[in-house]
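Values in this text are rule-based calculations from the coordinates and carry no lab data. Owing to the predicted nature of the structure, the values given are computational and were not obtained by experimental measurement. Here the Cβ positions follow ideal geometry from the backbone for every residue, glycine too, while neighbour counts run over all protein chains shown.
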Amino acid sequence: MNNTLDRWIQRVTLVALLALTAALLTVGVTLYASDSKAGTAGGTSQPHDILTETTR
């Protein structure tokens, strides 16, 4: 009984770790993709000072 329970716990832990890995990879890819597209919406991107609202 104890051996069966240990195997079940190991399988559940493995599945949980794989799900966590997939979720973290998805979030990482999503953030990386959104970061690489950040400067392309307005054509040419110039450095912009958000405090003075001027371009450098």
Exercise for the section: Output ³J(HN,Hα) for the range 26-35: one whole-Hz value per residue in order, computed from phi by the Karplus curve 6.51 cos²θ - 1.76 cosθ + 1.60 with θ = phi - 60°, and x for Gly and Pro. Expected result: 4, 5, x, 5, 5, 5, 5, 5, 5, 5
Practice task
With a Förster radius of 22 Å, plug the Cβ-Cβ distance of GLN10 and THR30 into 1/(1 + (r/R0)^6) and report the FRET value to the nearest 0.05.
Solution key: 0.10
